[in-house]
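Taking it in order: structure first as structure tokens, then the write-up.
Nothing in this text is a laboratory measurement; each read-out follows from the coordinates by a stated rule. Given the structure is predicted, the values throughout are model-derived calculations rather than measurements. Methodologically, a virtual Cβ is constructed for each residue, glycine included, from the backbone with ideal geometry; neighbour enumeration extends over all protein chains shown.
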């Protein structure tokens, strides 16, 4: 009798598996798993002079983000992602939590009109809706990539998309006359929800229409309007910020080398209905560029003009929030000095990043981004840009390069105008190919340089420059197991004026800031890849921040870190 019950129980357990093997599965999984542990310790003179802070502290966690994809019918998919997290030091449910990380649904109506609802990712142009990369992340050596992947993943940064909550729909209409194809995309998103006795609800509406006239000519228009719903609060003031953009592109061939010419322009308007003291400002921009592919790489040349009054929430929101309290040793020394956001935090700390769109120009630190703090949409800029990507000098040496030369359109606080220069160079040398080695052996190096100049009387002069040197070495000891080492050395020196703005983003004063800072980051350890998406790294990091403008602002720390990452 007991065996009969066992057979019956086994059949009930195996029946769903057997049944699922006979029909197409309606449920499938993906996600990410990460284990991370680090121990930070004071080093240098702080280790002896700081009698208040802890000598060292450690922490870590295990995270599993499990995504469920459910397809009740062929044209509908429901997606949810559940996060399971357990901080080290807790057992049997202590210091553990479960949360819903993402929830969305998507589908198609009659296989023609696609839609997504819930958590959606949106991107248009660099002047309407675009999530620019964080400071000093361009041309970063690959040994630092695990930090960048961690920060971007935790903040939902994917290929310059903004993660919003709302509804999106798009469809394509094929034609056979002068117009070959029409592409439409529209969305609505909720930027800020209802606040009790606070600001009104903030919504965003937008859409794109791209007309393919031929294989060579495309014409597109993009529109975004961010506005407050006055009826959702007891207030009398409502914010609005519509932005419009038009683009035209032409593709062709020169000596069998493809090229693409691109011209775009647009305008913005920004104001506050119901506020008699608030200004309504209007700004515009234009940009022209040409992109060409040659045998050895890609070349981009551009010219842009962005008016001083151009405003676009979706394109000018920054990733770094410099007003955030740092998570690693936020205060140090016996003077209880507050540690400012530095290159250490930009590289490795997800908590200093911003995930919300800002209705005003966010603060920035000129040390880390003075030329284009708001990307291509930075207002009051005119100039030229040049970029060379994946340029293969030989089969073992490749380089990337970019340069920008810009100036102000209108001087700020003076009739003299700032001039801006930015250049970056990255090179990759594959020694295994050069020396015919069996195991991979890579050397990487990069330089990022920014300068700001302004002539005039002593009280208005500006002479500022910052430079970041980065390098790394990666050698494969055995298959997929590498020994790695890397370094970043950052210098900032000179003076720069920072504009102080009121609630309407109007400049009401300037502060002259002096900089003389050096930051050093050293890493060394091992890294093993099971696959491209599954790897672990164990390494030792050393960080040092020295601000010579302040007697006490020197911070030195060592970190032992282990990370295991798996994309499911």
Next on the checklist: Only counting other Cβ atoms within 10 Å, I'd like 139, 156 sorted with the fewest neighbours first.
Outcome noted: 156, 139
Checklist entry - For the stretch 123-228, rounded, prolate or oblate, judged on the Cα gyration tensor with a ≥ b ≥ c (square roots of eigenvalues), a/c < 1.5 rounded, else prolate if a/b > b/c? => result oblate
Checklist entry - So, by mean Cβ neighbours within 10 angstrom, what's the order for 419-427, 245-253 with the highest one leading? => result 419-427, 245-253
Checklist entry - To the nearest 0.05, how large is the calculated FRET efficiency for residue 236 and residue 392 if R₀ is 56 Å and r is the Cβ-Cβ distance? => result 0.35
Next on the checklist: Relative contact order of the stretch 27-567, please, whole-number percent, based on alpha carbon pairs below 8 angstrom and at least 6 residues apart.
Outcome noted: 11
Checklist entry - In terms of the Cα gyration tensor, with a ≥ b ≥ c the square roots of its eigenvalues, is the stretch 243-398 rounded because a/c is under 1.5, prolate because a/b exceeds b/c, or oblate? => result oblate
Next on the checklist: Suppose the chain between residue 55 and residue 257 were pulled fully straight at 0.36 nm per residue; how much longer would it get relative to their current alpha carbon spacing?
Outcome noted: 66.7 nm
Checklist entry - What percent do you get for the relative contact order of the stretch 397-484 when only Cα pairs under 8 Å and 6+ apart count? => result 24
Item to check | Ranked by how many other beta carbons lie within 10 Å on average, peptides 437-450, 363-376 from highest | outcome: 363-376, 437-450
Checklist entry - Contour minus end-to-end for residue 37 and residue 250, with contour as 0.36 nm per residue of separation and end-to-end as the Cα-Cα distance? => result 71.6 nm
Checklist outcome for this item: Shape descriptor, the stretch 27-567: equivalent ellipsoid semi-axes (Cα gyration tensor, sqrt 5λ, whole Å, largest first) stand at 36, 31, 29
Next on the checklist: How high is the relative contact order of the stretch 506-564? Use alpha-carbon pairs under 8 Å, at least six apart in sequence, and give a whole percent.
Outcome noted: 32
Checklist entry - What whole number of Å gives the distance from the Cα centroid of the stretch 396-450 to the Cα centroid of the stretch 196-224? => result 33
